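Contents: one structure, followed by commentary.
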Amino acid sequence: MIDVIERGSAVPIYQQLEGILRARIASGEWAPSQRIPSENELYRMYGLSRMTVRGVLNKLTADGLLTRVPGKGTYVAPEKLSALSPAYRGIREQLEVLGHAITTRLISLDEIPAPKVVRESLGLAGSETVFALTRLRSVDGQPLSVHRSFVPARLAPTLAELDVVGEQLCVVLEDTFALAMHDVAETLEAVSAGRTDAELLEVAPGQPVLQLTDVISDRAGLAFEYSTIVFRGDRMRLRFDYSRD
């Protein structure tokens, strides 16, 4: 592996540096989640300007090979986790089967007036309240996703008293309140991490994240849950399988 900058080469210097750093990552010399030398260290190592080094690091970050953690440094992006959409099977369950250690932390659980988007999505009356749950899910000790769920209080009146951390919410709703998922209207989009989500996910505010929005109904067509899951885009890959049968 060439690890020097050739000043007389026809290849621009920034492309040479990019190639060197890509090769270090591809070869495993810099392993997933490993902290790499700082911007200052790299410009000294290769005798380049800070602007050149910063530009290459920005490009590799945009390409998903590196990730920057404010106040900590630049790291090789972790290997992405792959799972089916939760409409098929709970992501927590899928990752546990693969041997990953999953932890869930309850950030908040409150009964609040239904926000407009929740009210419209679930067909609620203007005066109805919902239980609003926010949970942070981590995989192998690293934050992966922020889950926000809204469930009408009249359909699950004792939800706040139940274990929604040790047990998946879908299981609690089905076993305790007979609210079983049958139909899911699902939307996936790329959004910018807001300040709260960025802090929970340990990413920079404004960093691209994946947001999955679900409206869940039972067999009779009763919409009983509105949820959003915000995933770190550098750590998660969602898979959707379809069949014409």
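Each value in this text was obtained by applying a stated rule to the coordinates, not by laboratory testing. Just so we're clear, the structure is a prediction, and the values are computed from it rather than from any experiment. Neighbour counts run over all protein chains shown; Cβ positions are idealised from the backbone, glycine included.
Here is how the numbers come out for the structure above:
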{"item": "DSSP beta bridges in region 81-239 [antiparallel fraction, %, rounded to 5]", "result": "90"}
{"item": "Test item: Cα-centred dipole of the chain, Lys/Arg +1 and Asp/Glu -1 on Cβ, debye", "result": "1060"}
{"item": "Table column - 3J(HN,Hα) (Hz), region 35-44, Karplus curve with 6.51, -1.76, 1.60, x for Gly and Pro", "result": "6, 9, x, 5, 4, 5, 5, 5, 5, 6"}
{"item": "For the chain: relative contact order, % (alpha-carbon pairs under 8 angstrom, 6 or more apart)", "result": "17"}
{"item": "Long-range amide H partners of residue 77 with built H, under 5 Å", "result": "33, 66, 67"}
{"item": "Reachable lysines from residue 72, criterion Cα separation under 27 angstrom, eight or more residues apart if same chain", "result": "59, 80"}
{"item": "Residue-count net charge about residue 105 - beta-carbon cut-off 12 Å; Lys, Arg +1, Asp, Glu -1", "result": "+2"}
{"item": "Sites matching GluC sites (Glu not before Pro) across region 33-135 that sit in DSSP coil, with at most 12 neighbouring C-beta atoms within 10 Å", "result": "79"}
{"item": "Coil-residue GluC sites (Glu not before Pro) of region 133-241, DSSP, other Cβ within 10 Å capped at 16", "result": "167, 202"}
{"item": "Rounded tilt (10° steps) of 13-26 against the dominant C-alpha axis of the chain", "result": "60"}
{"item": "In sequence order, calculated HN-Hα J values of region 190-203 (Karplus, 6.51, -1.76, 1.60; Hz; x Gly/Pro)", "result": "8, 9, 8, 5, x, 4, 5, 5, 4, 5, 5, 8, 6, 10"}
{"item": "Hz values of 3J(HN,Hα) by residue in region 104-118 - Karplus curve (6.51, -1.76, 1.60), Gly and Pro given as x", "result": "10, 10, 7, 8, 7, 8, 9, 8, 9, x, 4, x, 4, 5, 6"}
